[in-house]
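The block underneath contains the structure these notes are about, expressed in structure tokens.
The values are calculated or read from the model by the stated rules, or taken from the named source; none is laboratory data. These figures come from a predicted structure and were not determined experimentally. Glycine also receives a Cβ, built like all others from the backbone with ideal geometry; neighbour counts cover every protein chain displayed. When the accessible area is computed, the model is the full protein with side chains, heavy atoms only, and any ligands, DNA or RNA have been set aside. Shrake-Rupley method; radii C 1.70, N 1.55, O 1.52, S 1.80 Å.
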Amino acid sequence: MSYVACLRCKECGAEYPITPRTVCDHDFGPVEVAYDYAAMQGKVTRTSIEAGPRSLWRYKDLLPIEGEPKVGLHSGYTPLVKADRLARELGVRELYIKDDSTNYPTFSYKDRVVSVALTKAMEFGFDTVGCASTGNLAHSVAAHAAKAGLRTVVLVPEDLEEGKIVGSRVFGPLLVKIKGNYDDVNRLCSQIADKYPWAIVNVNLRPFYTEGAKTHGFEIAEQMGWQLPKHTVVPVAGGTILPKVWKAYRELIELGLVEDNGPRIHAAQAAGCNPVVKAIAEGEEIFQPQKPNTIAKSIAIGNPADGYYVIKVVTESGGAGESATDPEILAAIGLLARTEGIFTEPAGGTTLACAIKLIQSGRIPRDEPVCVCITGNGLKTIEVMTGQFESSPVIAPRLGEFEQMLAKLDENGASGAHARLATSKVI
Amino acid sequence: MSQDVHVLIPNALRSQAGNLSSVSVQATSIRDALDALCTQFPELKARLFKDGQQLNRFVNVYLNDEDIRFLKHLDTEIHGGDEISIVPAIAGG
Ligand SMILES: Cc1ncc(COP(=O)(O)O)c(C=O)c1O
Ligand SMILES: [Zn+2]
């Protein structure tokens, strides 16, 4: 037995039974899973959650599945890293990184949404699953479907990074490259979903898929010791995760599992694709679509389906929007790696770069706790780092050459961590 | 001069459009085409338009491969053989 009540339109409140559904019949609004929170009182508690598995399924009572999880048994429950070295660098008191670059099995936040979507697809009895993707979703669908023995069709923009293609192909899906940007891919995908009896996770399974994103927020709260960070900085592509982190926080407050400290949610986008951040800055409710042009390809969605709700949540929570240029994104990737040992992709670079700008401009006060949501892994997009480093020294396998090399580093005025190497104390 | 164009209807609207997946109309602009469609299937009007004027914000309309918001919105001119798609906004990433 689950606590699921029905599907409910976020616009007009129309209710629908739990079946595959893309949008509301009346207004095309997104439909969302509604729960019986009253029935959860006293049953869904800190203790009941803490007794669950070390995966996103510890929050099963707040997810829209009926039976036992079938897919993604090891997904979620990623580290919340207390980022003290980065905090010192940025001059903030308390900084956390929610690190989904380590998510299982495909190293992005998408393993959360897909675990829930494909479990639901199997409950509905589908044998073929698919998605439109900027890369990470395709990886996750392909991997989870391989493990579950489902047939897979994924559609991606033609110009994706090689790592993003190989990372899906290896699992054996039918991968189709579409001539166009993500919004073109999405349009075709929607038409395909209308025609074929497949579970397209971001189309007819959208209400279930998006619920999985809440687990990112649940984990932040639990891992902070059942508290909410005052500030959470979240990347925005199609606009799924940001409103769902908010929904997660609201649900925990509703159930009395955390205190309502007036959490603020901030939106991060790349400057080359920032329709939502632009609308927030201009005080508009409705965003204007854009043609993306950024190295942050995984979040390059110029016509975000849930953009309207991102604007609403950010505004209502008292948060802000910020965007980061390509050089700022690359600098932030480097900074996170050098201070915290975490290698993220440009989406994560965008989020951190925006967090830094929000701190520097005072919109995130330096003495309030901040959580930065790192949603993807840098090893998938190594080509963006080309030219970021001086070439590594190449030497013969002789100690003399090594010593000469160190001496030369000093002569050339090597900076940072390498500067002191030549004068390190000899053991 | 009015031109013959195809309008692709998404699943979510078909029950209000005679269960058709595409409809041919005569029109000179996108507004014209959608008006013609709504004349033929009056129930569509409330689905596609807010206050009868502005397109509902969750409805995306494409002329061939381009979102009409990158063209002249509802005033975008159309030509014989063009294809108009009505597509609900969908998630993903
Ligand atoms: C790495 C990464 N971060 C964040 C996102 C944000 O997506 P959304 O706003 O659609 O939840 C995506 C989506 O593709 C992604 O791949
Ligand atoms: Zn509705």
Any chance you could give the angle, 0 to 90 degrees and rounded to 10, that helix A:326-340 forms with the longest Cα principal axis of chain A? 80 degrees
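Dipole size in debye (nearest 20) for the stretch A:228-313 around its Cα centre, Lys and Arg Cβ +1, Asp and Glu Cβ -1?
Magnitude of the dipole: close to 300 debye.
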With DNA, RNA and ligands ignored, accessible area of A:E259 (1.4 Å probe; Å², nearest 10): 150 Å²
If we restrict to alpha carbons, what Rg and Dmax does chain A come to, in Å? 22.2, 77
One finds, for A:K179 and A:R338 with R0 = 35 angstrom and r their Cβ-Cβ distance, a FRET efficiency to the nearest 0.05 of 0.35
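Sorted by packing (mean other beta-carbon atoms within 10 Å per residue), highest first, where do A:225-235, A:111-121, B:70-80, A:199-209 land? Before the final figure, lay out the partial values.
Details: A:225-235: 22.2, A:111-121: 30.8, B:70-80: 15.3, A:199-209: 28.8.
The most tightly packed comes first, giving A:111-121, A:199-209, A:225-235, B:70-80.
I need the shape label for the stretch B:3-88. Rule: rounded when a/c is under 1.5, else prolate if a/b > b/c, else oblate, with a, b, c from the alpha carbon gyration tensor.
Taking the square roots of the gyration eigenvalues as a ≥ b ≥ c, the stretch B:3-88 is rounded.
With the cut-off at 1.5 for a/c, could you classify the stretch A:261-340 from its C-alpha gyration tensor as rounded, prolate or oblate? Present the calculation step by step, with values, prior to reporting the outcome.
On the way: a/c = 2.47, a/b = 1.27, b/c = 1.94.
It comes out oblate by the Cα gyration axes.
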Rounded tilt (10° steps) of A:399-411 against the dominant C-alpha axis of chain A: 90 degrees
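Can you tell me the mean projection area, over all orientations, of the convex hull of the stretch A:56-187's alpha carbons? Units nm², please.
Working: hull surface 39.6 nm².
Reported value for the Cα convex hull: 9.9 nm².
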If one takes the longest principal axis of the Cα atoms in chain A, at what angle in degrees, from 0 to 90 and to the nearest 10, does the Cα axis of helix A:214-223 lie? 60 degrees
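Please get the size of the charge dipole for the protein assembly as shown, origin at its Cα centre, with Cβ charges of +1 on Lys and Arg and -1 on Asp and Glu, quoted in debye to the nearest 20.
Details: 53 positive and 62 negative charges, 215 e Å.
For the protein assembly as shown, the charge dipole is close to 1040 debye.
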With a 1.4 Å probe and ligands and nucleic acids left out, the total accessible area lost when A pairs with B, in Å² to the nearest 100, equals 2800 Å²
Percent relative contact order for chain A, counting Cα pairs under 8 Å at least six residues apart, stands at 15 percent
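If you count, for every residue in B:78-91, the Cβ atoms of partner chains within 10 Å of its Cβ, what is the mean? Don't skip to the answer; put the middle values down first.
Values: counts 0, 0, 0, 0, 0, 0, 0, 4, 1, 9, 11, 16, 18, 24.
Per residue, the average neighbour count from other chains is 6.
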Ranked by GNM mean-square fluctuation in chain A (Cα springs under 10 Å), the top entry among A:P397, A:P292, A:P79 is A:P397
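Averaged over its residues, how many other protein chain Cβ atoms are within 10 Å of peptide B:54-65's Cβ atoms? Working shown, then result.
Details: counts 1, 0, 5, 9, 11, 3, 8, 0, 3, 0, 0, 5.
Averaged over the peptide's residues, the number is 4.
Work out the mean other chain Cβ neighbour count within 10 Å for the residues of A:180-192 and drop it here as an integer.
Going residue by residue through A:180-192 and averaging, the value is 4.
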Considering only DSSP beta bridges with both partners in the stretch A:41-172, what is the antiparallel share in %, to the nearest 5? 40 percent
Along Cα→Cβ, 7 Å out, is where each label goes; now give me the distance between the ones at A:E383 and B:D75 in nm to one decimal. 4.1 nm
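Counting heavy atoms of the protein chains only and a 1.4 Å probe, report the per residue accessible area for the protein assembly as shown as a whole number of Å². Intermediate values should be presented prior to the final figure.
Working: 21660 Å² over 520 residues.
Normalised by residue count, the accessible surface of the protein assembly as shown is 42 Å².
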Relative packing of A:59-71, A:23-35, which averages over residues the other C-beta atoms within 10 Å, highest first: A:23-35, A:59-71
Simple SL model, points at 7 angstrom along Cα→Cβ for A:M1 and B:A46; separation in nm is 3.7 nm
Considering only DSSP beta bridges with both partners in chain A, what is the antiparallel share in %, to the nearest 5? 30 percent
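Run the dipole for the stretch B:3-88 about the Cα centre, Lys and Arg Cβ at +1, Asp and Glu Cβ at -1, nothing else charged, and hand back the magnitude in debye, nearest 20. Please report the intermediate quantities before stating the final value.
On the way: 8 positive and 12 negative charges, 87 e Å.
Roughly 420 debye for the stretch B:3-88.
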